Amino acid sequence: MKKIISIDAIKKFGFEFLSIFIGVFAAFALDSWNETRKDKYVEIKILSEINNGLRQDIQDMELNMLGHKQGIEATTFFQKAILSLPINHDSTNVYYFRLFRDFISTQNSSGYQTLKSKGLEIIDNDSLRSQILSLYENDYNSIRKLEEEYSELQFHKNYYAKFNDSFAEHLTFDSKGVVKGINSPIVLTTKQKNILLLDLYRIKRNRMFVLNIYEDIIVKIKALHKNIEEELQ
């Protein structure tokens, strides 16, 4: 004999099913909300870390730029000396040190490394994520390779020994062996003079080239910094 299910039983079963369904759905929704909140917290923390690194990167790049500008001033000083134009001999030691100085590119990438370990998609803003990726993977790598690997910018390696072969005998030193001036007039063959002037010109032009690259990157850093600030508000 078939058992007939009453309307009340059906209603009761339906209510229990609905209650279970709502409970499960609410649990999933809560988990999803918690996960989203957690991701947002991580995103904000990473963006803040990146932003702090960008401030330091600008300072580091500006120091390198200052060094290259001083290197340019040094080329002008020695160009004048070779051409027998008036110079301040007391500055010889400073300019000699700056003439061949090389630089390394220091970047504070800990925030970006954290982002890569967590997954780039944690940055919800597609445009911001693309901007971060481009700066660290393209621009930062480019300036690092220029400063540390590009042969034209290895001034000490390329020019120090070569310059001294022709010019060292014209330098004067104090009792402690520190460069203090230049003997004038400087007697050079036409070939020696031209080679020195050409090398100084190359140093100057290459320093000007890398300065332009730094200026472009700093513009991008400041734009990214501004966009992150807006995202964090």
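The values are calculated or read from the model by the stated rules, or taken from the named source; none is laboratory data. All of these numbers come straight from a predicted model, not from anything done at the bench. Don't worry about glycine lacking a Cβ; one is built from the backbone with ideal geometry, like all the others, and counts go over all protein chains shown. The area values use the complete protein model at the heavy-atom level, side chains included, leaving out ligands, DNA and RNA. Shrake-Rupley method; radii C 1.70, N 1.55, O 1.52, S 1.80 Å.
Could you work out how much longer the chain between Leu171 and Asp90 gets when fully extended? Use 0.36 nm per residue separation minus the Cα distance between them, nm to one decimal. Write down the numbers at each step before the final one.
Working: separation 81, 0.36 × 81 = 29.16 nm, distance 1.19 nm.
Gain on extension, Leu171 to Asp90, equals 28.0 nm.
With R₀ fixed at 30 Å, the C-beta to C-beta distance from Lys226 to Leu66 puts the FRET efficiency at about 0.80.
Taking amide H positions as modeled 1.01 Å from N, with prolines and chain starts lacking one, the residues under 5 Å from Gly181 and 5 or more places away or on another chain are Thr172. Modelled this way, with points 7 Å down the Cα-to-C-beta line, the labels at Gln192 and Asp124 are 7.1 nm from one another.
Normalised per residue, the accessible area of the range 34-121 is 54 Å², obtained with a 1.4 Å probe and no contribution from ligands, DNA or RNA.
If I take R0 = 30 Å and measure r between the Cβ atoms of Val178 and Lys145 in this structure, what FRET efficiency does the formula 1/(1 + (r/R0)^6) give, to the nearest 0.05?
Efficiency for this residue pair is about 0.30.
Each Lys and Arg adds +1 at its Cβ and each Asp and Glu adds -1 at its Cβ; summed about the Cα centre, the range 84-186 shows a dipole of about 260 debye. Each of Ser175, Leu197, Asn227 was scored by the projection of its Cα onto the charge dipole of the range 111-231, and the greatest displacement toward the positive side belongs to Ser175; charges sit on the C-beta of Lys, Arg, Asp and Glu. Restricting the trypsin sites (Lys or Arg not before Pro) of the range 157-233 to loop positions (DSSP other than H, G, I, E, B) with no more than 10 neighbouring Cβ atoms within 10 Å leaves Lys176. What a 1.4 Å probe finds exposed on the range 55-111 is 52% carbon and sulfur by accessible area, rounded to a whole percent.
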